[in-house]
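Here's the structure we're looking at; comments come further down.
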Amino acid sequence: MSNTNGRTAIVTGGARGIGAATARRLAEDGFAVAVLDLDEGDCRPVVDAIESAGGRGLAVGVDVSAEAGVEAAVTRVAAELGDPTVLVNNAGVLRDNLLFKMSAGDWDSVMHVHLRGAFLMSRAVQRYMTAQQWGRIVNLSSTSALGNRGQANYAAAKAGIQGFTKTLAIELGRFGITANAIAPGFIETDMTAATAARIGVPFEELKAQRAAQIPVGRTGKPEDVAHTVSFFVSDGAGFVSGQVVYVAGGPRG
Ligand code: NAP
């Protein structure tokens, strides 16, 4: 168990996939963990797992793109679990389509959840971090930030996340706060399973196709990303800020 000093972490989109693995990992590391997702009931199995293992957790239902809801959720976390000084902006959606078929609604949904969501959450949580002169923000980008067919909206949002992260690192560094981004490659979650379904390829076949192109010879697991989050939020990583780490089984970026 690392030196977490009873700190509280928030993981958005924590009910499933990378967020759920990250919430469980941070609880193992000794953080009290607030699991935020659209539906509070969907967060409960993750919180139950944390509590069964002897940790502290809290399930909170919130849409990260809704300003009043975000303020209320963060206030509730502070009251019920402790002032949050670790934030993992992980909530995400896909609305893939080629540019000529992409609706303005599909563009807006992706921008709202990834960019507006990360902005609102970071703004709400930074006040607890600045008060304690210590904080860790980790934002989920993607290898799609480098460009990906059918993902003009998602690629733009994930590239935006990188600029947002670097700016937070510059603005908040003097308060003992670091901000870093993780850009995963292909990770086995419901999100990539949905991509397989959309393009009409069995998930196992898509995983095998992708693994053949990845230098380490396999696709990623949510725990691969959670491990990287665990490093960024550790006390010892206080001189690492404004970085983008590609967790993709090989060099990217
Ligand atoms: P996932 O399995 O689809 O989980 C995403 C979670 O975010 C879901 O529980 C979803 O809730 C929640 N969410 C969506 N909109 C939200 C909102 N407005 N407010 C609160 N929660 C919301 O996705 P994942 O694969 O674990 O991905 C996690 C993050 O990593 C995302 O930012 C994604 O873009 C990024 N990423 C993933 C991969 C990959 O290969 N999987 C690669 C690169 C980057 P619902 O289920 O209710 O919609």
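Details
- In the chain, the longest principal axis of the Cα atoms and the axis of helix 40-52 are about 60 degrees apart.
- For the pair region 145-166 and region 60-78, the centres of their Cα atoms are 25 angstrom apart.
- Just checking the listed ones, G200, G41, G82: in the Gaussian network model of the chain with Cα springs under 10 Å, the one fluctuating most is G200.
- On the basis of the beta-carbon distance and an R0 of 30 Å, H227 and Q133 show a calculated FRET efficiency of 0.65.
- A simple packing score, the average count of other Cβ atoms within 10 Å per residue, orders the peptides 111-120, 86-95, 144-153 as 86-95, 111-120, 144-153, with the highest score first.
- Panel values: the chain, Kirkwood radius from alpha carbon pairs, Stokes-Einstein at 10 °C and 1.306 mPa s, translational diffusion coefficient 88 µm²/s.
- Positive-end residue, the chain charge dipole about Cα centroid, Cβ charges, pick of T75, I50, V240: V240
- Counting Lys and Arg as +1 and Asp and Glu as -1 over every other residue whose Cβ lies under 14 Å from the Cβ of G253, the net charge comes to +3.
- Using only alpha carbons, region 37-97 has a radius of gyration to Kirkwood radius ratio (Rg to Rh) of 1.01.
- When +1 charges are put on Lys and Arg Cβ atoms and -1 charges on Asp and Glu Cβ atoms, the dipole computed for the chain relative to its Cα centre reaches about 720 debye.
- Split the accessible area of the chain by element, probe 1.4 Å, and carbon with sulfur accounts for 53%.
- Centroid-to-centroid separation of region 188-221 and region 117-135 [C-alpha atoms, Å]: 35
- In the full protein context, the chain carries 44 Å² of accessible surface per residue, based on a 1.4 Å probe and ignoring ligands, DNA and RNA.
- A Förster radius of 35 Å, combined with the Cβ-Cβ distance separating R149 from D39, puts the computed FRET efficiency at roughly 0.65.
- Considering helices alone, the calculated mean residue ellipticity of the chain at 222 nm is -14000 deg cm²/dmol, with DSSP H runs of length four and up weighted by -39500 (n - 2.57) and normalised per residue.
- Projected area averaged over orientations for region 118-208, convex hull of C-alpha atoms, nm²: 6.7
- Here the relative contact order of the chain, from alpha carbon pairs under 8 Å that lie six or more residues apart, stands at 19 percent.
- Principal-axis tilt of helix 67-80 within the chain, Cα atoms, nearest 10 degrees: 50
- For a straight C-alpha distance cut-off of 17 angstrom, the lysines reachable from K207 (same-chain residues fewer than eight places away being disregarded) are K221.
- If the chain linking F239 and R174 were pulled fully straight, counting 0.36 nm for each residue of separation and taking away their Cα-Cα distance, it would gain 22.2 nm.
The values are calculated or read from the model by the stated rules, or taken from the named source; none is laboratory data. Computed from a prediction, not measured in an experiment: that's the story for all the values here. Cβ coordinates were reconstructed from backbone atoms using ideal geometry, including for glycine residues, and neighbour counts include every protein chain displayed. What goes into the accessible areas is simple: the full protein's heavy atoms, side chains included, and nothing from ligands, DNA or RNA. Shrake-Rupley method; radii C 1.70, N 1.55, O 1.52, S 1.80 Å.
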